[in-house]
Amino acid sequence: MKILVAIKHVIDVELNIKVKDGQLDLEGLQYVMSAWDENAVEEAVALKESHDAETVVISIGSDDATVSIRKAFAMGIDAGIHVSDPNLRYPDSLTVAKIINGVRQDKNFDLILLGRQAQDTDNGLTAGLLAEIADLPFVANATKIEVIDEKKLKVTRQADIGKEVIELSLPAVISVNDSINEPRLASLKGIMQAKKKTIETMDAGLLGIDSGEASLVEVMEFLPPVARAQGQKFDGDAQEITEKVVGLLINEAKVL
Amino acid sequence: MTEKIVKGGEFLVKELNKKDIFIPEEFSVEQKQIADTARQLVENEISPNIEAIEGHDFELVKKLFSMCGELGLLATDVPEEFGGLELDKVTSMIVAENIAPSGSFSVAFTAHTGIGTLPLVYYGTKAQKDQYLEKLVDGKWVAAYCLTEPNSGSDALSAKATAVLSEDKKYYILNGTKQFITNGGFAKLFTVFAKIDKEHFTAFLVDSDFEGVSLGPEEKKMGIKGSSTCSVILEDAKVPIENLLGEKGRGHKIAFNILNIGRLKLGASVTGAGKAAIGESIKYAKDRKQFGTSICNFGAIKEKFANMVGDIFASESLVYRLAGDLDVNFDTLDKSSTDYYADYEKVFEDFSVECAISKVFCSEALSRVVDEGVQIYGGYGFIQEYPAEKHYRDERINRLFEGTNEINRLVITGGILKKSLKGELPLQAEAMKAFEGLMSPSLDEVDPSVPFEKEKYLIHNLKQILLILAGAAAQKFMDKLQHEQEILISAADVIILIYAIESAVSRAEKAYEAAGDKKKQLLLAVVEVFTFNALESLSKAAKQAAFYIEEGDNLLMILSGIRRYTKYAPVSLLNSKRLLADSIIESEAYLF
């Protein structure tokens, strides 16, 4: 089985994010592999360990993205593709899906794994768009993947109510939920071996994508999350407080 | 990486070019990933189990050792041939630093990977390594180091434990009691020091299952309560002659050289512990409200954070500078040579002063940090439920083990004097020049608008002070100087602080080039805050030494020299402190 895992190198959202003049303040920020993509990588490596599989990751973006590709190597992925293009710093989901599809066709992958959404944009569009463009079966939000045979998988997915068990034939696209596995820590040996693996660089243009005109949407402004207003504490007579609070709920909060 | 190969001790007589210092900002992608692995292991598997570890659940500790083994965290200093990874010292420090927030487990970990495993790596025969090393690397066996005895601590060579060859000449029969053995309760392999025929101090590899080996009860300790510390009792213990480690009568070589790397690594560990303590204190100071606002908004608290960051920045700069220097020296050695570890040992010996500095400076920096940590927590800092109390207790041992800080101070000044006597360091000639400089007026002008220029000028001057003191002391006491411990210790303080200030300043200067605007400001601020604090301590030590050494006109001249050479104007000190504090409060973590 040939597995392609699409990973995104994103701002570490655990850090305090600041906004300056309608744009993210990038100084001092750190970048990591998007959390759901780590689950996708783990699933690919686990499939490789339990069944014979060839695993490749792809990441799109600036040269920094190679850090996440190397992390995937350290976790056990065999090979990596970096699609680099200065115009692709913030590509939209459709462009990303087109690029992944280009690579997929070029290299004949049986299974494309993605995180259910990226940690930074929370769009959750790429997997579905990719399946649509590629005309492949698609399961979103998978919580378990089992191999039936070379050409068939049994996939459990988290639905709104309960879980669904789906049988699908390969090639296919699957996006994974974070409950599917616990991503392994990269071992020191894996990390040092990853150093020796090479990353193939591909040009979006060669895949028939005009990166200059690719994005259909553009982020115009970035607004920070609104800080939650301080709570209020009331002391004194219960009757008085109740009246005061009810008054505030009606007139200020306007919830009653 | 560094351009030039720096030698041990030469920082006192040479100016450091920023090109010749390794800084944490230069960590490779792999080194950062290794840091992540160690950090995440602590966060996911160790920290949630701290209570069980503190309650001596040694089965759990052994399981954690296996996990560390699987991840390769026990393999950093071991050759590939025996299942290791043989990574550089910088990477070893990264592992030690990131394991450190696990407290008691970190002590067990460091004892195993350092004093537990390294004697075998450096001095073991191939057969001994084949037999034991892989088990230590994969964490199936835990190792311990048995040097201390009830009546022999700092005076390690006065050990009473004995070894006698058995009649059939197949065994050494060991007798004696080894005390305060870290990992003693669950270790399988002990490196035991004993005197053959009460004379030849020698190391042995002792399996805990050998006949005649038993353990004393667990000690009840002030801190690091989760680590195992007990006596190892040898009663006619039968140790096969193949298990003699190194050479008969050369145990002191092993004991002292292993201490060098232990002291280096301790610097890294306490740096990691300091960062963790800072992180906890900030979170608390943000949550804790008094007078209607978070206490982190008060200048009294902000100032503490600024000083804490300054101390840890210096520790971190110092440890990685030293590890980087060692690495470039090790890189020149021929790994395939049979003398590889003998040459390796020489490099460590060459840097024994710096290793002792790492131990003393970083452990005392941590002591200041955890003390302020308790203070920030206020009354809650005194309550066991809060982390500050544990940080405070756990810190104390660092100033005691791996040689007390007093012994290490004597090693520092003693080591420098020895290098001078051996002609490896032109201390006398430089001291003469410094005296001449003292007599002539100062014509140097420093452009304060050039970043770090005034600090670099100060460092040059501080070295003059040390040279003057060393020259005066040598002249007055000659070969009796080694008995003047008060002077040696004051001089050690001057040496330690010169190395710490220089490490912090040169690291900042090098990092400044590639830094963004915000980071540039932070680097300037942290250097100003730390330099000022360290300089105050250095001035006291220098003056003290001057009073101990000289009297009359000579004393007055040296004191005026100290005044002249310690001039430093931290004109934006208050703003620097506030900037550091505000940034650290915003990021909720150590800044650099």
| Between 0 and 90°, nearest 10: helix B:427-439 axis offset from chain B longest Cα axis | 20 degrees
| message | Can you work out the Karplus-derived ³J(HN,Hα) for every residue in segment B:40-50? Use 6.51 cos²θ - 1.76 cosθ + 1.60 with θ = phi - 60°, whole Hz, and x for glycine or proline. | response | 5, 4, 5, 5, 8, 10, 9, 3, x, 10, 4
| note | Each label sits 7 Å from Cα toward the beta-carbon; between B:Ser28 and A:Asp149 the label points are separated, in nm, by 4.7 nm
| query | Where both partners of a DSSP beta bridge lie in segment A:2-207, what percent of those bridges are antiparallel, to the nearest 5? | reply | 40 percent
| remark: Residues whose modelled amide H sits under 5 Å from the amide H of A:Gly124, counting only those 5 or more places away in sequence or on another chain, are A:Ala118
| Which shape class applies to chain B: rounded if a/c is under 1.5, otherwise prolate when a/b exceeds b/c and oblate if not, where a ≥ b ≥ c are the square roots of the Cα gyration tensor eigenvalues? | oblate
| said: With n ≥ 4 as the cut-off for DSSP H runs, can you work out [θ] at 222 nm for chain B, using -39500 (n - 2.57) per run divided by the number of residues, rounded to the nearest 500? | reply: -19000 deg cm²/dmol
| query | Once you list every other residue whose beta carbon is under 15 Å from the beta carbon of B:Glu303, what net charge do they have if Lys and Arg are +1 and Asp and Glu are -1? | reply | -1
| task | Using only protein heavy atoms and a 1.4 Å probe, report how much of B:Lys126 is accessible, in Å² to the nearest 10. | result | 120 Å²
| Any idea of B:Phe351's accessible area? Nearest 10 Å², probe 1.4 Å. | 0 Å²
| message | Taking the Cα centroid of segment A:233-256 and of segment A:86-145, what is the distance between the two, rounded to the nearest whole Å? | response | 50 Å
| task | Any chance you could count the Lys pairs in segment A:1-146 whose alpha carbons are under 30 Å apart, treating pairs 8 or more apart or on different chains as valid? | result | 23
| request: Among A:Pro225, A:Pro171, A:Pro91, determine the one that fluctuates most according to a GNM of chain A built with springs between C-alpha atoms less than 10 Å apart. | output: A:Pro225
| query | Does segment B:22-142 classify as rounded, prolate or oblate by the C-alpha gyration tensor (a ≥ b ≥ c root eigenvalues; a/c under 1.5 gives rounded; else a/b over b/c gives prolate, otherwise oblate)? | reply | oblate
| field | Solvent-accessible surface (1.4 angstrom probe) belonging to B:His252, in square angstrom, nearest 10 | value | 60 Å²
| remark: Order by accessible surface, 1.4 Å probe, largest leading, for residues B:Tyr457, B:Tyr340 comes to B:Tyr457, B:Tyr340
| query | What ranking of B:Glu509, B:Glu406 comes out by heavy-atom accessible area, probe 1.4 Å, highest first? | reply | B:Glu406, B:Glu509
| message | Please state the shape class of segment A:2-207: rounded when a/c is under 1.5, otherwise prolate if a/b exceeds b/c and oblate if not, all from the C-alpha gyration tensor. | response | rounded
| note | Interchain or sequence-distant (5+) residues whose placed amide H lies within less than 5 Å of the amide H of A:Val19 are A:Asp25
| How would A:Asp21, B:Asp236 line up by accessible area, probe 1.4 Å, largest first? | A:Asp21, B:Asp236
| Residue-wise, which Karplus ³J(HN,Hα) couplings in Hz belong to segment A:225-232, taking 6.51 cos²θ - 1.76 cosθ + 1.60, θ = phi - 60°, and x for glycine or proline? | x, 6, 5, 6, 5, 4, x, 10
| query | Which of B:Lys359/B:Lys422; B:Lys129/B:Lys170; B:Lys62/B:Lys248 have a Cα-Cα distance over 22 Å? | reply | B:Lys359/B:Lys422; B:Lys62/B:Lys248
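The values are calculated or read from the model by the stated rules, or taken from the named source; none is laboratory data. Predicted model only: the values in this text are computed from it and were never measured. When we count neighbours, we look across all protein chains shown, and the Cβ atoms used for this are built from the backbone with ideal geometry, even at glycine. What goes into the accessible areas is simple: the full protein's heavy atoms, side chains included, and nothing from ligands, DNA or RNA. Shrake-Rupley method; radii C 1.70, N 1.55, O 1.52, S 1.80 Å.
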